[in-house]
Amino acid sequence: MQNFSDIVESNASLTHLNDRGEAMMVDVSDKAVTKRTAVAGCQVRMSVATLEAILAGNAPKGDALGTARIAGIMAAKQTANLIPLCHPLPLSKVAVELTPDFELPGFQIRSTITIKAETGVEMEALTAVSIAALTLYDMAKALEKSMQIENIRLISKTGGKSDFKLVDGK
């Protein structure tokens with residue numbers, strides 16, 4: 001049976017572990033500064049009545065959509081404080097959109113984050129949609145406690161060593 005250090009030596013893809021198997025922050029200082037963008041999405045499923053109340057501005061706590069959008073932006077900026085080993089990044093742009101979807105019914109939430117840096121912004125994009133969804137839930141829970149946050153996912157990323165696009169593009 002291999003010991004942990006042999007496994008780490010044979011698998012260079014374990015970039016967040018040192019030679020003793022301890023978690024560490026990756027040194028990105030030798031990487032090139034490039035423009036990088038990440039897009040993430042999720043959805044909040046709810047009843048049509050709750051969706052209509054939110055759109056009419058009748059959520060008991062006030063402006064549910066505006067508050068959720070600001071929460072998502074703020075969350076992206078705090079990702080390094082929330083997720084261990086993430087680099088604190090000087091974000092160039094953070095956009096969070098909440099779009100009503102009567103077929104769901106509920107809201108589609110999407111974040112787009114851009115940066116010029118040595119590392120990507122996927123975690124910031126995912127954090128933004130997650131916190132926007134949680135905030136939307138909080139703002140509307142008096143209307144409906146059975147809302148569901150679903151399908152948190154990376155939709156695309158560009159820049160750095162590789163690009164990624166979710167196959168169905170949603």
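Couple of notes before you dig in:
- Of all residue pairs spaced 6 or more apart or on separate chains, those with beta-carbon atoms under 8 Å, a first member in region 27-43 that is closer than 24 Å to residue 72 by Cβ and a second member that is among the acidic types (Asp, Glu) are 38/122; 38/124; 40/122; 42/150; 43/101; 43/150.
- Filter pass, residue 124 being under 13 Å from the mean Cα position of the chain (by Cα), among the charged types (D, E, K, R) and assigned to a helix (DSSP H, G or I): yes
- Residue 50 being farther than 24 Å from residue 164 by Cα, at pLDDT 95 or above and either under 13 Å from the mean Cα position of the chain (by Cα) or surrounded by 14 or more Cβ atoms within 10 Å (Cβ to Cβ) (or both): yes
- Residue match in region 55-77 (condition: at positive phi, of a type outside the set (D, E, K, R) and out of contact with any Lys or Arg (no Cβ under 7 Å at 6 or more places or on another chain)): yes
- Qualifying residue in region 151-166 (condition: assigned to a strand (DSSP E or B), free of Cβ contacts under 8 Å to residues at least 24 places away in the same chain and either touching a strand residue (DSSP E or B) at 6+ places or on another chain (Cβ under 7 Å) or farther than 19 Å from residue 91 by Cβ (or both)): yes
- Of all the residues in region 44-68, those that are under 24 Å from residue 91 (Cβ atoms) and either assigned to a loop (DSSP other than H, G, I, E, B) or out of contact with any helix residue (DSSP H, G or I) (no Cβ under 7 Å at 6 or more places or on another chain) (or both) number 2.
- In region 76-90, the residue that is surrounded by the most Cβ atoms within 10 Å (Cβ to Cβ) out of those that are touching a helix residue (DSSP H, G or I) at 6+ places or on another chain (Cβ under 6 Å) and at pLDDT 95 or above is 76.
- Residue match in region 128-143 (condition: crowded, with 16+ Cβ neighbours inside 10 Å, part of a strand (DSSP E or B) and on the phi < 0 side of the Ramachandran plot): no
- Being over 30 Å from residue 143 (Cβ atoms), surrounded by 15 or more Cβ atoms within 10 Å (Cβ to Cβ) and in contact (Cβ under 8 Å) with a residue 24 or more places away in the chain is a condition met by no residue of region 53-72.
The values are calculated or read from the model by the stated rules, or taken from the named source; none is laboratory data. Only a predicted model underlies this, so the values are computations on that prediction, with no experimental measurement involved. Note: ideal-geometry Cβ built from the backbone for every residue, glycine included; neighbour counts use all protein chains shown.
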